[in-house]
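Structure, as structure tokens:
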Amino acid sequence: MGYTIAQKIIKNHLVSGEMIPGTEIGLRIDQTLTQDATGTMAYLQLEAMGIERVKTELSVAYIDHNTLQAGFENADDHRYIQTVTKKHGVRFSRPGNGICHQVHLERFAVPGKTLIGSDSHTPTAGGIGMLGMGAGGLDVAVAMGGGTYYITMPRIIHINLVGKLSDYVGAKDIILEVLRLLGVKGGVGAIVEYGGEGVASLSVPQRATVTNMGAELGATTSVFPSDEITRAFLAAEERESDFTELSADADAVYDEEYTVDLSALKPLAACPHSPDNVKPVSELQGMKINQVCIGSCTNSSMLDMLTVAAMLKGKTVHPDVSLSISPGSKQVYTMLAQCGALADLISAGARILECACGPCIGMGFSPKSAGVSLRTFNRNFLARSGTADAQVYLVSPETAAASAITGVFTDPTTLGTAPAVQVPTHFVINDNLIEIPAEAEEAKNITVERGPNIKPIPVGKAPETSLSCELVLKVGDNITTDHIMPAGTKILPYRSNVPKLSEFCFTVCDPAFPERAKAKNGGIIVGGANYGQGSSREHAALVPLYLGIKAVIAKSFARIHVANLINFGIVPLTFENPADYDKLSEGCALEIAGFAEGVAKESRLILKNLTSGEEIPLCLHATERQRAILGAGGLLNYTKANG
């Protein structure tokens, strides 16, 4: 039996375990990336582990999230990251150089290599045939120190692409169709692998759009073959020497298979408030809109920008619409300026934002009250835009540009023939905003600068012999990390200050939660299915730890979040019978007798509801290594103890 693309990369990087789906495997990691919203914690953790120099082939720190400097906090964090990376052997991508995933795709991603990043959209690199995975910052810190990265061996889902995209139908419509087919939970425990004759019609940036938003499937990652299209992209970036051909064997076997006919696709939109709430744009035609945002790590490539510029050339944005455009990298921005496309965008009335994440994470450009915002981004979770009652739709750049002109939801295929767009065969190469770290001897004399907003990392404790506490919060299905630990301009600057950050924990669901948790000295949280989906932000575990949360009980967990809970010593438990979720209510007194011993040895623990007298069986799905981490009070303690 042959191997799939993902299986080939895993096989070449396997450190421990066997490639049996559902079992734990350990991987050697070639590259890492961090961004500034998660990076400060990752480097504090690297320092706490006593690691002097990173041991990966390449590690890069990007400044692209917290770029709105309304106070000293973000600037201080940037200076900390700049100095700590120079000292420890990490390249530093300065503010203005671009969004981490776009820049990494352009300048560093290598087919057949492994990459983990402290950002859930690290699978963007799968567009070039790289195995890129989102992870918590602590896992990234361990990998930078030469440690193994552990995951559950995924099953492989194959998406067979046939045909070719029609005019005004984009790569975004491909992944929206896959989300429509599989849903936000359909990729959990899986790698999504693309193949078929339709792949040859897609450029690397188009493939990267698909793999980027594959994170919304809950997938471990997504990956495309590395072929002549890949070679041409790398040659355009003056990196052809990084090319390796990579494809699935003809007799590779997949766990699930689906076919998407590219020629039959029509423009699609993800409706509020979930990326899998997908409808044809034709069904939304004529709906009045207030805002359009084009950019983000999903759709900010040169191809995307040139497509939008061609559609806006000689036209004017509708007077009732505010249009923002964020180029994905300095490279893209420079080339737009050189070819005149930037002038076309500005003349049409677009507001050009810096090369950063910006509105995607609620960092500026929030919609008006109850506003309808069309965004080429990857997430439309409730209140993520910064406006609690906004109606956010996820669309392609083609749909976004068409609608910006008309002022209403517009199916671009009704506009006739699409303007011709020619992407350059050679890109402008200028890495002057990527700083090279100091050599080992010079690094010894570098002083790491820490601003007053940077506070110590909370450290977990070993499980109590028996756990007795209150149910301090009960939430429903598909709770995202944006629900647990919101982003936005008011909150993101405190990512390195957990005590301050704790004031915002779960306030999207219950504004009183932080104070209640403090008053009760923590307790247990109960959630529904797919708890913790979305971002890789480890703060969604780190802040509940600070608030005293000992365990989370849910119907099921998202992959990255359950790993983050374990990393910080919070025990993730699932209901043996999901219907038992209904037997628990906020405020009831709970007890798990023999808690520490159960965490160490048992797959089944008994929760007693002291308020009702009922007993509820729970499951702890954890490997021996994960149980040892929980027993130590988290990965930081475990790593210190085990070297």
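Peptide packing for 531-542, 151-162 was compared via the average number of neighbouring C-beta atoms within 10 Å per residue; ordered from the highest value, the list is 531-542, 151-162. Ignoring lysines fewer than eight residues from LYS86 along the same chain, the ones with Cα atoms less than 16 angstrom from its Cα are LYS55, LYS444. Residues of the stretch 414-444 falling in the label zone of GLN338, defined by backbone nitrogen less than 12 Å from a point 7 Å along Cα to beta-carbon, are 424-431.
Distance check, please: which entries in LYS461/LYS583; LYS455/LYS550; LYS113/LYS164; LYS8/LYS555 exceed 31 angstrom between their Cα atoms?
Working: LYS461/LYS583 29 Å; LYS455/LYS550 22 Å; LYS113/LYS164 29 Å; LYS8/LYS555 33 Å.
Long pairs (Cα-Cα over 31 Å): LYS8/LYS555.
LYS474: which aspartates and glutamates have alpha carbons under 17 Å from its alpha carbon, excluding same-chain residues fewer than 8 sequence positions away? Qualifying aspartates and glutamates at Cα under 17 Å: ASP482, ASP510, GLU515, ASP580, ASP582, GLU586, GLU591. Only helical runs count toward this figure. For the chain, summing -39,500 (n - 2.57) over DSSP H runs of n ≥ 4 and dividing by all residues gives -8000 deg cm²/dmol at 222 nm. Could you give the length gained by full extension between ARG180 and LYS520, i.e. 0.36 nm per residue of separation minus their alpha carbon distance, to one decimal place? Using 0.36 nm per residue and subtracting the Cα-Cα distance, I get 118.2 nm. Near GLU503: Cβ cut-off under 15 Å, other residues only, Lys/Arg at +1 and Asp/Glu at -1. The net charge is +3.
Multiplying the sequence separation of ALA70 and GLU576 by 0.36 nm and subtracting their Cα-Cα distance, what value in nm do you get?
177.4 nm
For the pair the stretch 588-643 and the stretch 90-135, the centres of their Cα atoms are 35 angstrom apart. For the stretch 423-461, the set of trypsin sites (Lys or Arg not before Pro) satisfying both a DSSP loop assignment and a count of at most 13 other C-beta atoms within 10 Å is given as LYS444, LYS461.
Can you figure out the FRET efficiency of GLU602 with SER247, using R₀ = 45 Å and their beta-carbon distance, to the nearest 0.05? E(calc), rounded to 0.05, equals 0.50. Separation of the alpha carbons by more than 32 angstrom is noted, of LYS11/LYS500; LYS490/LYS520; LYS288/LYS490, for LYS11/LYS500.
Residues whose amide H comes within less than 5 Å of that of GLN35, counting only those at least five positions distant or on another chain, are TYR62, SER118 (H built at 1.01 Å from N in the peptide plane). DSSP bridge analysis restricted to the chain gives an antiparallel fraction near 35%, rounded to the nearest 5. On a per residue basis, the convex hull of the C-alpha atoms belonging to the stretch 105-242 measures out at 106 Å³.
A Förster radius of 25 Å combined with the Cβ-Cβ distance from GLU197 to SER166 puts the calculated FRET efficiency at roughly 0.95.
Phi angles of the stretch 488-494 translate, via the Karplus equation with coefficients 6.51, -1.76, 1.60 and θ = phi - 60°, into HN-Hα couplings of x, 5, 7, 10, 4, x, 9 Hz per residue; Gly and Pro are given as x. Between the amide H of GLU538 and those of GLY137, distances stay under 5 Å, these residues lying 5 or more places away or on another chain, with hydrogens modeled in the peptide plane. The alpha-carbon of LYS330 sits under 16 angstrom from the alpha-carbons of these aspartates and glutamates, leaving out residues fewer than 8 places away in its chain: ASP64, GLU106, GLU237, ASP304, GLU354, ASP431, GLU435. Across the alpha-carbon set of the stretch 467-642, the Rg to Rh ratio works out to 0.94, Rh being the Kirkwood radius.
For the chain, the percent of C-alpha pairs falling in each 10 Å distance bin, counted from 0 to the bin holding the largest distance, reads 3, 17, 28, 28, 17, 6, 1, 0. Close amide H pairs (under 5 Å, H built 1.01 Å from N) link LEU607 with ILE616, LEU618, residues at least 5 positions away or on another chain. Checking every one of the GluC sites (Glu not before Pro) in the stretch 398-443 against DSSP loop status and a limit of 11 other Cβ atoms within 10 Å picks out GLU439. What residues of the stretch 27-64 lie in the reach of a label at ALA440, counting those whose backbone N is under 11 Å from a point 7 Å from the Cα along Cα→Cβ? In the stretch 27-64, the label zone of ALA440 (backbone N under 11 Å from the point 7 Å along Cα→Cβ) covers 52-54. Evaluating 6.51 cos²θ - 1.76 cosθ + 1.60 at θ = phi - 60° for every residue in the stretch 296-308, the Karplus couplings come out as 6, 5, 7, 9, 9, 6, 4, 4, 4, 5, 5, 4, 5 Hz, glycine and proline recorded as x.
For the stretch 597-631, the residues whose amide N sits under 14 Å from a probe point set 7 Å from the Cα of SER468 along the beta carbon direction are 608-611. In this simple spin-label approximation, VAL15 and THR259 carry label points 7 Å from Cα along the Cα→Cβ vector, and these lie 4.2 nm apart.
3J(HN,Hα) couplings calculated from phi for the stretch 214-220 with the Karplus curve 6.51 cos²θ - 1.76 cosθ + 1.60 (θ = phi - 60°) are, in sequence order, x, 4, 6, 7, x, 6, 4 Hz; Gly and Pro show x.
Count charges around THR83 for me, please; just the other residues with Cβ under 12 Å from its Cβ, Lys/Arg as +1, Asp/Glu as -1.
Details: positive: ARG79, LYS86, LYS87, ARG450; negative: GLU47, ASP76, ASP77, GLU435, GLU449.
Residues close to THR83 contribute a combined charge of -1.
A straight line joining the Cα centroids of the stretch 512-553 and the stretch 177-243 runs 33 Å.
Here, each number is a calculation from the coordinates, and none is a lab measurement. These numbers come from a predicted model, not from an experiment. Cβ sites come from the backbone with ideal geometry, for glycine too, and all protein chains shown count toward neighbours.
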